[in-house]
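Engineer: Dropping a structure here in structure tokens format, bear with me for questions.
The values are calculated or read from the model by the stated rules, or taken from the named source; none is laboratory data. Small disclaimer: the values here were computed from a predicted structure and weren't measured. Cβ sites come from the backbone with ideal geometry, for glycine too, and all protein chains shown count toward neighbours. Accessible surface areas use protein heavy atoms only, side chains included; no ligands, DNA or RNA. Shrake-Rupley method; radii C 1.70, N 1.55, O 1.52, S 1.80 Å.
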Amino acid sequence: MDELILKLKREIIETLNLDDMKPEDIKDDEPLFGDGLGLDSIDALELIVLMEKNYGIKLRDASEGKKIFASVKVMADYIKDNR
Amino acid sequence: MINILSDSLITPLGFCSEENYQNVKLGKTGIKTYSGILGVDKQVSCSKIDDILLDSEFEKQINQNSVKYTRLEKAALLSVKQAVDKSEIDVTSCRTAFFFSSTKGNVELLEKNSFEEDRLYLWHTAKMITDFFKNPNIPIVVSNACISGICSIISASRAIESGRFDNAVIVGADLLSKFTISGFSCLKALSPEPCKPFDKDRKGLNLGEAAATMILSRGDVNSKYTSFLAGSIRNDANHISGPSRTAEGAYNALTDILTGFDTEQIAFVSTHGTATFFNDEMESIAIDRMKLNNKPINAFKGYYGHTLGAAGILEAVIASHSINDNTVLKTRGFENLGVSREINPTRENLVTDKPYFVKLISGFGGTNAAAIFKKGE
Amino acid sequence: MAYIVDYSYINQSNLSFGTSSFKSEITENDLVENNFLTAIYRKQNYSYPKFFKMDNLSKIGFLNAELLLSHFPEVENRKNAGVICFNRISSLTTDKNFENTIIDSNNYYPSPALFVYTLPNIETGEICIRHKFMGESSFYVTEHFNSKYIADIVEDSLKFNDIILSGWSDFVNSQIKSLMFLVSKDKSEDSELFDSQNIEKIFKSLFL
């Protein structure tokens, strides 16, 4: 699980161009959207592509994405259950 | 004052303006549903010009071998030729400006290997047009997302009013491509079915393709021609792809053109109405803030889909034909209001004797524009 | 009438950037960890994380605007401030990057973050967002840098806006050259006319 969380954090930083961040800057339970990392709707759509490309998981739409992208931990749990 | 001397539309609904207008008035649509199209493997509803018809009309009217030209170039040249032939302006004069409005131009050439790179540039397509018509000026190329068409009209009218030109030929063109379909699809902006502007069941936009031309000239407001009175371009300063939640740009653009204007005289507002959740909601807020809640509004995306760089010109031409026919066209696809403000999209064609219409339009990059036109005397 | 309040520039061929009154350079050392545009961002100590999501065209516009407006804080948040930009290649570099995400049908993953930058006017949009400019934003594409074309269009727009940022950018042999003017309808003490002659003079002094 820890390995997956670290991998996810690296992928999020790279995919979303969070150039000034390192994996240790993102807390496992920190909200990715809203006040936490402050990601926006385009970032959510990129994460949907990431889920499909790297983990073979197809999400229906952006609103399903918003639930799954609540935090890195929620994402990792979802991947573990659905890949 | 600026008059529209002539116009021409090349679309799935016809190869001239009159044919287009009659088909729209009859409620026909160019939108079809495909299980896959142009290399995109999913259900897509869009509006596509027939290739065989395009080539045969091109060879007939332009008298050139269609093989040498891209689809975009063919549609644009055909549209400009028709509009020019209908007007009496001298296109070879240095007093005639050419404007080209497009978001992606020949973008489908990115998939092909056998072409010269210059063909991808919008200025190259524009130059091909001015060279064809032997116009000596550097063409003015507007690439301002989906509002490009209205921006070209505004920019051209300013250029004429400055005294630098007497006439302006404005052509807007964008075609369907794997590029744009894939792009809008990954933004989850496309509806798999024909679009439903302002409707509670709207699922997104349909893409379309068109070439649309307008010829503008210095004239007067009591002319037999439709007049362009004023326009404004305003940025939301909010987000690069989502519209302002308070419709700042659209509201400011409308305020700019309507302050001191008797809005009673406006027959309708022709909106952008792409049928995405956010765009239609934003426009309803702009209309509400302007207190135009009871004013008939319509959208033409249900007939043509979203034609990007051609949209502003195409839709203004259709609106212009309709007001000169004393008609407010219905909003194809609209049934039940699904926005937060009480506004009045048309469910059927209406008769009007009011002389003005407003065109409202928005695009990526936070762009918005509004323009007001008057029917011919 | 239109007047030049100030201008900013970026010239990758000699690694320089600045304004009419300030000049700086990127060193080889600066480029060890960062590409040229990021090196400027870091050298100037800018703090705007969205910079890293932008494509090169938007980054150029952002940096030019930041260099200019840091000297004119009173221009921020202007309702009638506009941005009008010009270039030759539109968004072609980003278009090709997006095309790479769709060209292989066995590896078809169109990128939303790339697609939103496949319009050149996003450059103007990013500047408007950063500085809260709610006037006119527009983008024009020309074959070459054309000072008369730029002067005419901006002067036309200034009848409807108080102040305009007007920029030209290009990648010549992948070397970035960009120039941005802050243009006002009001004349101040030393300000020169924003006309074809003066625009051309400044362009040549920087890039030729």
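Engineer: Show log10 I(q)/I(0) for the stretch C:91-208 at q = 0.16, 0.19 Å⁻¹, two decimals, from a solvent-free Debye sum over equal Cα scatterers.
Structural biologist: For the requested q values the scattering log ratios are -0.88, -1.12.
Engineer: A further question on this structure: Please compute the Cα-Cα pair-distance distribution of chain B with 20 Å bins starting at 0, giving whole percents from short to long.
Structural biologist: All Cα pairs, binned at 20 Å, distribute as 32, 61, 7 percent.
Engineer: Report, in deg cm²/dmol and to the nearest 500, the calculated mean residue ellipticity at 222 nm for chain B, where each DSSP H run with n ≥ 4 adds -39500 (n - 2.57) and the sum is divided by the residue count.
Structural biologist: Mean residue ellipticity at 222 nm (helix-derived): -9000 deg cm²/dmol.
Engineer: What whole-number value in cubic angstrom gives the convex hull volume per residue for the C-alpha atoms of the protein assembly as shown?
Structural biologist: 152 Å³
Engineer: From zero outward in steps of 10 Å, how is the percent of C-alpha pairs of the stretch C:6-140 spread across the bins?
Structural biologist: 11, 37, 35, 13, 3, 0
Engineer: Compute the relative contact order of the stretch B:256-377 as a whole-number percentage, counting only Cα pairs closer than 8 Å that sit 6 or more residues apart in sequence.
Structural biologist: Answer for the stretch B:256-377 is 33 percent.
Engineer: Give me the inter-chain shielding for B:365-372: mean count of other chain Cβ atoms within 10 Å, whole number please.
Structural biologist: 5
Engineer: Quick one: if the Förster radius is 51 Å, what FRET efficiency do B:ASP325 and B:GLU116 give, using the C-beta to C-beta distance and rounding to 0.05?
Structural biologist: Between B:ASP325 and B:GLU116 the formula returns 0.70.
Engineer: Mind giving me the nanometre distance, one decimal, between the label points for C:LYS43 and C:ASN173, set 7 Å out from Cα along Cα→Cβ?
Structural biologist: 2.1 nm
Engineer: Net charge near B:GLY27: determine it from the other residues with C-beta under 12 Å of the C-beta of B:GLY27, scoring Lys and Arg +1 and Asp and Glu -1.
Structural biologist: Around B:GLY27, the charge tally is +4.
Engineer: Residue-wise, which Karplus ³J(HN,Hα) couplings in Hz belong to the stretch B:196-208, taking 6.51 cos²θ - 1.76 cosθ + 1.60, θ = phi - 60°, and x for glycine or proline?
Structural biologist: Computed from phi, the couplings for the stretch B:196-208 are 10, x, 6, 7, 5, 9, 5, 10, x, 9, 10, 8, x Hz.
Engineer: Write down the percent of antiparallel bridges among all DSSP beta bridges whose residues are both part of the protein assembly as shown, to the nearest 5. Could you put the intermediate results ahead of the total?
Structural biologist: Numbers: 73 of 108 bridges.
So the antiparallel bridges amount to about 70 percent of the total.
Engineer: Additional query: Give, ordered by residue number, each residue of the stretch C:118-149 whose 1.4 Å probe accessible area is reduced by a minimum of 50 Å² on adding the remaining protein chains to the chain alone.
Structural biologist: C:LEU119, C:ASN121, C:ILE129, C:MET134, C:GLU136, C:SER137, C:TYR140, C:VAL141, C:GLU143, C:TYR149
Engineer: Using the structure shown, list the pairs from B:LYS32/C:LYS53; B:LYS301/B:LYS354; A:LYS58/C:LYS53 with a Cα-Cα distance above 26 Å, or answer none.
Structural biologist: Checking Cα-Cα distances, B:LYS32/C:LYS53 exceed 26 Å.
Engineer: Where in chain B are the helices, taken as whole DSSP H runs, whose Cα atoms extend 27 angstrom or more along the long axis and whose Kyte-Doolittle mean reaches at least 1.0?
Structural biologist: none
Engineer: Pairs of alpha-carbon atoms within less than 8 angstrom and 6+ residues apart define the contacts here; what relative contact order does chain C have, in percent?
Structural biologist: Working: 354 pairs, mean separation 68.4, N = 208.
It comes to 33 percent, rounded to a whole number.
Engineer: Here's another thing I want to ask about it. When only Cα pairs under 8 Å and 6 or more residues apart are kept, what is the percent relative contact order across chain B?
Structural biologist: 23 percent
Engineer: Okay, moving on. I'd like the Karplus ³J(HN,Hα) series for the stretch B:5-14: coefficients 6.51, -1.76, 1.60, θ = phi - 60°, whole numbers in Hz, and an x wherever there's a Gly or Pro.
Structural biologist: After applying 6.51 cos²θ - 1.76 cosθ + 1.60, I find 6, 7, 8, 7, 10, 10, 8, x, 9, x Hz.
Engineer: Further, regarding this structure: I need the semi-axes of the equivalent ellipsoid of the stretch B:218-262: take the C-alpha gyration tensor, multiply each eigenvalue by 5, square-root it, list largest first in whole angstrom.
Structural biologist: They are 29, 12, 7 Å, listed from largest to smallest.
Engineer: Something else about it: Please state, rounded to one decimal and in Å, the Kirkwood hydrodynamic radius that the stretch B:226-375 gives when every pair of distinct Cα atoms enters the mean of 1/r.
Structural biologist: In the stretch B:226-375 this quantity evaluates to 15.0 Å.
Engineer: Also, quick follow-up: Given a 1.4 Å probe and no ligands, DNA or RNA in the count, how much accessible surface is buried by A and C, both sides, to the nearest 100 Å²? The partial results should precede the final answer.
Structural biologist: Details: alone 5230 and 10720 Å², together 14940 Å².
Separately minus together, A and C give about 1000 Å² buried.
Engineer: Let me ask another. What accessible surface, in Å², does a 1.4 Å probe find on C:TYR117, ignoring ligands, DNA and RNA and rounding to the nearest 10?
Structural biologist: 20 Å²
Engineer: So, one more: Roughly how many whole Å is it from the C-alpha centroid of the stretch B:1-50 to that of the stretch B:282-349?
Structural biologist: 16 Å
Engineer: Order C:SER21, C:SER178 by their accessible area, 1.4 angstrom probe, all chains in place, largest first. Working shown, then result.
Structural biologist: Values: C:SER21 95, C:SER178 0 Å².
Greatest to least solvent exposure: C:SER21, C:SER178.
Engineer: Under a 5 Å amide H to amide H cut-off, with H placed in plane at 1.01 Å, what residues pair with B:GLY365 once short-range neighbours are removed?
Structural biologist: Placed amide hydrogens put B:SER241 under 5 Å from B:GLY365.
Engineer: Another question, if that's okay. Counting only residues 5 or more places away or on other chains, whose amide H sits under 5 Å from the amide H of B:VAL328 once H atoms are built in the peptide plane?
Structural biologist: B:LEU350, B:VAL351, B:THR352
Engineer: What number comes out for accessible area per residue over the stretch A:3-82 if the probe is 1.4 Å? Units Å², please. All intermediate terms of the calculation are to be shown ahead of the outcome.
Structural biologist: Values: 4180 Å² over 80 residues.
Accessible surface, normalised per residue, equals 52 Å².
Engineer: Would you mind giving the total buried accessible surface between chains B and C, with a 1.4 Å probe and ligands, DNA and RNA left out, rounded to the nearest 100 Å²? Please report the intermediate quantities before stating the final value.
Structural biologist: Working: alone 14740 and 10720 Å², together 21300 Å².
Chains B and C together bury approximately 4200 Å².
Engineer: Hey, another quick one. Per-residue Cβ counts within 10 Å, from other chains only, averaged over C:97-103: what number is that?
Structural biologist: Per residue, the number of nearby Cβ atoms from other chains is 5 on average.
Engineer: Which residue, B:ASP262, B:ASP236, B:ASP201, tops the fluctuation ranking in a GNM of chain B built on C-alpha contacts under 10 Å?
Structural biologist: Largest GNM mean-square fluctuation: B:ASP262.
Engineer: In the stretch B:182-217, which residues become less accessible by 10 Å² or more once every protein chain is in place, relative to the chain on its own, using a 1.4 Å probe?
Structural biologist: Residues passing the criterion (a loss of at least 10 Å², heavy atoms only) are B:SER182, B:GLY183, B:PHE184, B:CYS186, B:LEU187, B:LYS188.
Engineer: Still on this model: Would you please give the residues with an amide H less than 5 Å from that of B:PHE98, counting only those at least 5 places away or on a separate chain, with H modeled from the backbone geometry?
Structural biologist: Here B:ILE140, B:VAL169 satisfy the definition.
Engineer: So what J values fall out for the stretch C:94-100 if you push phi through Karplus, 6.51 cos²θ - 1.76 cosθ + 1.60 with θ = phi - 60°, rounded to Hz, Gly and Pro as x?
Structural biologist: In residue order, the calculated couplings are 5, 4, 5, 5, 5, 4, 4 Hz.
Engineer: In whole Å and largest first, what semi-axes does the C-alpha gyration tensor of the stretch A:3-82 yield when each eigenvalue is scaled by 5 and square-rooted?
Structural biologist: They are 17, 14, 12 Å, listed largest first.
Engineer: I want the antiparallel fraction of DSSP beta bridges within the stretch B:205-356, as a percent rounded to 5.
Structural biologist: 25 percent
Engineer: Continuing with this model, one more query. With n ≥ 4 as the cut-off for DSSP H runs, can you work out [θ] at 222 nm for chain A, using -39500 (n - 2.57) per run divided by the number of residues, rounded to the nearest 500? Don't skip to the answer; put the middle values down first.
Structural biologist: Working: 4 runs with 47 residues, N = 83.
About -17500 deg cm²/dmol.
Engineer: Would you give the gap between the C-alpha center of the stretch A:14-33 and the C-alpha center of the stretch C:155-208, rounded to a whole Å?
Structural biologist: 39 Å
Engineer: If B:TYR69, C:TYR108 are ordered by their accessible area, calculated over protein heavy atoms with a 1.4 Å probe, which sequence runs from highest to lowest?
Structural biologist: Heavy-atom accessible area, descending, gives C:TYR108, B:TYR69.
Engineer: A further question follows. Using a 1.4 angstrom probe and counting only protein chains, how large is the accessible area of B:GLU193 in Å², to 10?
Structural biologist: In the full protein context, B:GLU193 sits at about 80 Å².
Engineer: Turning to a different aspect of this structure: Rounded to the nearest 500, what is chain C's calculated 222 nm mean residue ellipticity when only DSSP H runs of at least 4 contribute -39500 (n - 2.57) each, over all residues?
Structural biologist: My calculation for chain C gives -10000 deg cm²/dmol from helical runs alone.
Engineer: Sticking with this structure for a sec: In whole percent, how big is the carbon plus sulfur part of the accessible area of the protein assembly as shown, probe 1.4 Å, protein atoms only?
Structural biologist: Answer for the protein assembly as shown is 47 percent, counting heavy atoms of protein chains only.
Engineer: Then there is this: When the Kirkwood radius is taken over all Cα pairs of the stretch B:2-218, what Stokes-Einstein diffusion coefficient follows at 25 °C and 0.890 mPa s, in µm²/s? Numbers along the way, then the final one.
Structural biologist: Details: Rh = 18.0 Å.
Rounded, D is 136 µm²/s.
Engineer: Can I ask one more? Could you order A:ASP19, C:ASP186, A:ASP77 so the one with the most accessible surface comes first? Probe is 1.4 Å.
Structural biologist: The most accessible residue leads, giving C:ASP186, A:ASP19, A:ASP77.
Engineer: Any idea of C:ILE103's accessible area? Nearest 10 Å², probe 1.4 Å.
Structural biologist: For C:ILE103, solvent-accessible area is about 90 Å².
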